[in-house]
1. So E40 ticks every box in (1) surrounded by fewer than 12 Cβ atoms within 10 Å (Cβ to Cβ); (2) in contact with a helix residue (DSSP H, G or I) (Cβ under 7 Å, 6 or more places away or on another chain) but one. Which box is left unticked?
2. Only one of these conditions is not met by L61: (1) under 27 Å from R19 (Cα atoms); (2) modelled with pLDDT of 95 or more. Which number is it?
3. Could you look through the stretch 1-35, keep only residues that are hydrophobic (A, V, I, L, M, F, W, C) and part of a loop (DSSP other than H, G, I, E, B), and pick out the one that is modelled with the lowest pLDDT?
4. Condition (residue is among the aromatic types (F, W, Y), touching a Leu at 6+ places or on another chain (Cβ under 9 Å), in contact (Cβ under 8 Å) with a residue 40 or more places away in the chain and not in a helix (DSSP H, G or I)) applied to the stretch 71-84: is it met by at least one residue?
5. Pick from the stretch 43-69 the residues that are in contact with an Asp or Glu (Cβ under 9 Å, 6 or more places away or on another chain) and outside any helix (DSSP H, G or I): which of them is surrounded by the most Cβ atoms within 10 Å (Cβ to Cβ)?
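The values are calculated or read from the model by the stated rules, or taken from the named source; none is laboratory data. As the structure is a prediction and not an experimental result, all values here were calculated from the model. No Cβ is skipped: glycine too gets one built from the backbone with ideal geometry, and neighbour counts run over all protein chains shown.
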Amino acid sequence: MGILGIAPDGKERTRWRPRSQTRDAAFVDGLYGTGLRIQEWASVLVNELRQPSGDNNYVTLQLADACAKGGRGHPYWAKRDVLNSVGNYVETDRAASIRHAQALGTYEQPCASP
């Protein structure tokens, strides 16, 4: 079964109930569209991403030293499609999750003392 609940024959799986399929799809798109390792891509922050300028389909970004294998950061390319996929997740599922948590008062709960 594919990441968006599509079976190998192309039919949609009706019992597929992912928690956040746009998040999962954006993460997988990022792995294939940047060439970064799982841990490296998982460490990239949304505010570190930017869209390519003009008609370019790629943008060069920088992976931080602390996030790279061997502690040596490096530039990497990100495809426009990857950035659009991440943006779609941030603007839809993630925003809805944040609104839901705010309505429940989740962010207002006191933090546990160390």
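1. Tallying (1) surrounded by fewer than 12 Cβ atoms within 10 Å (Cβ to Cβ); (2) in contact with a helix residue (DSSP H, G or I) (Cβ under 7 Å, 6 or more places away or on another chain), E40 fails exactly one: (1).
2. (1)
3. Our first condition is that a residue be hydrophobic (A, V, I, L, M, F, W, C); within the stretch 1-35, this holds for 1, 3-4, 6-7, 16, 25-28, 31.
Still in the running and part of a loop (DSSP other than H, G, I, E, B): 1, 3-4, 7, 16.
On the way: M1: 42, I3: 63, L4: 65, A7: 74, W16: 62.
Among residues in the stretch 1-35 that are hydrophobic (A, V, I, L, M, F, W, C) and part of a loop (DSSP other than H, G, I, E, B), the one modelled with the lowest pLDDT is M1.
4. As a first pass, look at the stretch 71-84 and keep what is among the aromatic types (F, W, Y): 76-77.
Narrowing further to those that are touching a Leu at 6+ places or on another chain (Cβ under 9 Å): 76-77.
Keeping just the survivors that are in contact (Cβ under 8 Å) with a residue 40 or more places away in the chain gives 76-77.
Then drop every residue that is not not in a helix (DSSP H, G or I), which leaves 76-77.
Yes, that holds for at least one residue.
5. Here is the first cut: in the stretch 43-69, the residues in contact with an Asp or Glu (Cβ under 9 Å, 6 or more places away or on another chain) are 57, 61-64, 67-69.
Next, only the ones that are outside any helix (DSSP H, G or I) stay: 57, 61-64, 68.
Details: N57: 10, L61: 16, Q62: 11, L63: 21, A64: 14, A68: 18.
Looking at the filtered set, the residue picked out is L63.
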